[in-house]
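Engineer: Shown below is the structure under consideration.
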Amino acid sequence: MPTNSKPVITEMRGDHIFIAKINRPQAHNAISFEVMDGLESVCDEIEQNEDIRVLILTGEGHKFFASGGDLKQFADLKSEQEARKMSMRMGEVLRRIESADCWTIALINGDAYGGGCEVMLAFDFRIAAKHARFGFTQGRFYLTPGWGGLTRLIERVNRSTALLWLGTQALVDTESALIAGLIDMADSSSQLENHIMEMAERLSENDRRIIKVMKEGATYAQKYPHRESINNERTEFSKLWATDEHHRRVEAFLKRKKTDGL
């Protein structure tokens, strides 16, 4: 990936994979207002560029994915109104990522603390280096998560585990994170990017229409009763069945099967 002085650097890999990197290693990849600017631009790009089917977010180096909000910068925010404005701004960034019509992967190259954990929780998939640790450290500063992280954490791990991690400001290793469901996979640093790219290539085989249907269907299943969700699933299945792309792929498969003599 390219290196420059921008707080968030981006790269298009192939036709469909968009990579963004938090580029503040001197500040442990902390989230500053400038990083928010960069992440908003990333959101603009994935919303406007229909060719993007996979977004990957990572951090510069091998030590930190993101160490949370930049306390040196945010210390200037004193009032409730100022805090809420900052919270709503970063919360909107994460909402846009969470609701994107493309796949999203947090490539967790190193430790994630506080708001860094909140960032990764907004992604469809969270893949971590084995040495990474996850620190729910907001309580050290007399805070709870402010970017939607408490809600998303409860959605992914059980309530008691979430509260224990938050209440003790725990540092969670990848094995514990995997068991609890905080992350989806852990790999060695040397193999992590290669495996992520292989995964991203497979995920990018379908266009954004079907990606959107899959993601919205999964969200629907979480929110609505069983029978209603299945009915919605059947409706979307039928719409996709009637598309030219479905019929083209079936025809290609049957031709190949005939050629192979199967």
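Engineer: Collect the residues in region 140-155 that are surrounded by 16 or more Cβ atoms within 10 Å (Cβ to Cβ) and not hydrophobic (A, V, I, L, M, F, W, C), keeping them in residue-number order.
Structural biologist: Restricting attention to region 140-155, the residues satisfying the condition of being surrounded by 16 or more Cβ atoms within 10 Å (Cβ to Cβ) are 145-150, 152-153.
Across region 140-155, the qualifying residues are P145, G146, G148, G149, R152.
Engineer: Which of (1) open to solvent by 30 Å² or more (accessible area, probe 1.4 Å); (2) without any contact (Cβ under 8 Å) to a residue 40 or more places away in the chain is the odd one out, the single condition A170 does not satisfy?
Structural biologist: Every listed condition holds for A170 apart from (1).
Engineer: Just for region 197-218: of the residues that are within 16 Å of the chain's Cα centre (by Cα) and not hydrophobic (A, V, I, L, M, F, W, C), which one is farthest from I56 (Cα to Cα)?
Structural biologist: Per the criteria, the residue is E216.
Engineer: For region 7-74, give me every one of the strands (runs of 3 or more DSSP E) that falls completely inside it and has 3 or more residues that are out of contact with any His (no Cβ under 6 Å at 6 or more places or on another chain) and not basic (K, R).
Structural biologist: Per the criteria, 8-13, 17-22, 54-59.
Engineer: Moving on. Go through (1) outside any helix (DSSP H, G or I); (2) within 19 Å of H28 (Cβ to Cβ) for R140 and report which single condition fails.
Structural biologist: Of (1) outside any helix (DSSP H, G or I); (2) within 19 Å of H28 (Cβ to Cβ), only one is false for R140: (1).
Engineer: When you check T161 against the structure, is it among the polar types (S, T, N, Q) and surrounded by 17 or more Cβ atoms within 10 Å (Cβ to Cβ), yes or no?
Structural biologist: yes
Engineer: Among (1) over 15 Å from the mean Cα position of the chain (by Cα); (2) over 23 Å from A27 (Cα atoms); (3) open to solvent by less than 30 Å² (accessible area, probe 1.4 Å), which single condition is I179 missing?
Structural biologist: Evaluating I179 over (1) over 15 Å from the mean Cα position of the chain (by Cα); (2) over 23 Å from A27 (Cα atoms); (3) open to solvent by less than 30 Å² (accessible area, probe 1.4 Å) leaves (3) as the failure.
Engineer: Now a separate question. What tally of residues in region 213-245 results from selecting those that are more than 24 Å from I154 (Cα to Cα) and among the polar types (S, T, N, Q)?
Structural biologist: Final tally of qualifying residues: 5.
Engineer: Being under 24 Å from E11 (Cα atoms), in the same structural domain as W165 (by the TED database) and acidic (D, E) is true for just one of D111, D70, D76. Which residue is that?
Structural biologist: Only one candidate passes the filter, namely D111.
Engineer: Which residue pairs have Cβ atoms closer than 7 Å, lie 6 or more positions apart in sequence or on different chains, and pair a first residue in region 177-200 that is modelled with pLDDT under 95 and small (G, A, S) with a second residue that is open to solvent by 50 Å² or more (accessible area, probe 1.4 Å) and not in a helix (DSSP H, G or I)?
Structural biologist: The qualifying pairs are S188/K130; S189/H62; S189/H131.
Engineer: For region 28-47, name all the residues that are of a type in the set (G, A, S) and in contact with a Phe, Trp or Tyr (Cβ under 9 Å, 6 or more places away or on another chain).
Structural biologist: Across region 28-47, the qualifying residues are A30, S32.
Engineer: To continue, here is another question. Is it the case that region 18-39 has a residue that's of a type in the set (D, E, K, R), open to solvent by 20 Å² or more (accessible area, probe 1.4 Å), in the same structural domain as L143 (by the TED database) and under 17 Å from R95 (Cα atoms)?
Structural biologist: Among the residues of region 18-39, at least one is of a type in the set (D, E, K, R), open to solvent by 20 Å² or more (accessible area, probe 1.4 Å), in the same structural domain as L143 (by the TED database) and under 17 Å from R95 (Cα atoms), which makes the answer yes.
Engineer: Same structure again: Out of the residues in region 75-86 that are more than 14 Å from G115 (Cβ to Cβ) and assigned to a helix (DSSP H, G or I), which is least open to solvent (accessible area, probe 1.4 Å)? First the steps, then the outcome.
Structural biologist: Here is the first cut: in region 75-86, the ones more than 14 Å from G115 (Cβ to Cβ) are 75-76, 78-82, 84-85.
If we keep only those that are assigned to a helix (DSSP H, G or I) as well, we get 80-82, 84-85.
Details: E80: 144, Q81: 131, E82: 74, R84: 157, K85: 156 Å².
Checked region 75-86; the qualifying residue least open to solvent (accessible area, probe 1.4 Å) is E82.
Engineer: If you go through region 89-121, how many residues are in contact with a helix residue (DSSP H, G or I) (Cβ under 7 Å, 6 or more places away or on another chain), among the small types (G, A, S), closer than 15 Å to A20 by Cβ and surrounded by 24 or more Cβ atoms within 10 Å (Cβ to Cβ)?
Structural biologist: 1
Engineer: Could you tell me which residue of region 99-137 is nearest to Q48 (Cα to Cα), considering only residues that are of a type in the set (G, A, S) and assigned to a loop (DSSP other than H, G, I, E, B)?
Structural biologist: Quick first cut of region 99-137, residues of a type in the set (G, A, S) only: 99-100, 106, 110, 112, 114-116, 122, 128-129, 132, 135.
Then drop every residue that is not assigned to a loop (DSSP other than H, G, I, E, B), which leaves 99-100, 110, 114, 122, 132.
Working: S99: 14, A100: 11, G110: 30, G114: 30, A122: 20, A132: 33 Å.
Here the answer is A100.
The values are calculated or read from the model by the stated rules, or taken from the named source; none is laboratory data. This is a predicted model, so every value here is computed, not measured. Here the Cβ is made from the backbone with ideal geometry for all residues, glycine too, and neighbour counts use every protein chain on show. Side chains included, ligands, DNA and RNA excluded: accessible areas come from the protein's heavy atoms. Shrake-Rupley method; radii C 1.70, N 1.55, O 1.52, S 1.80 Å.
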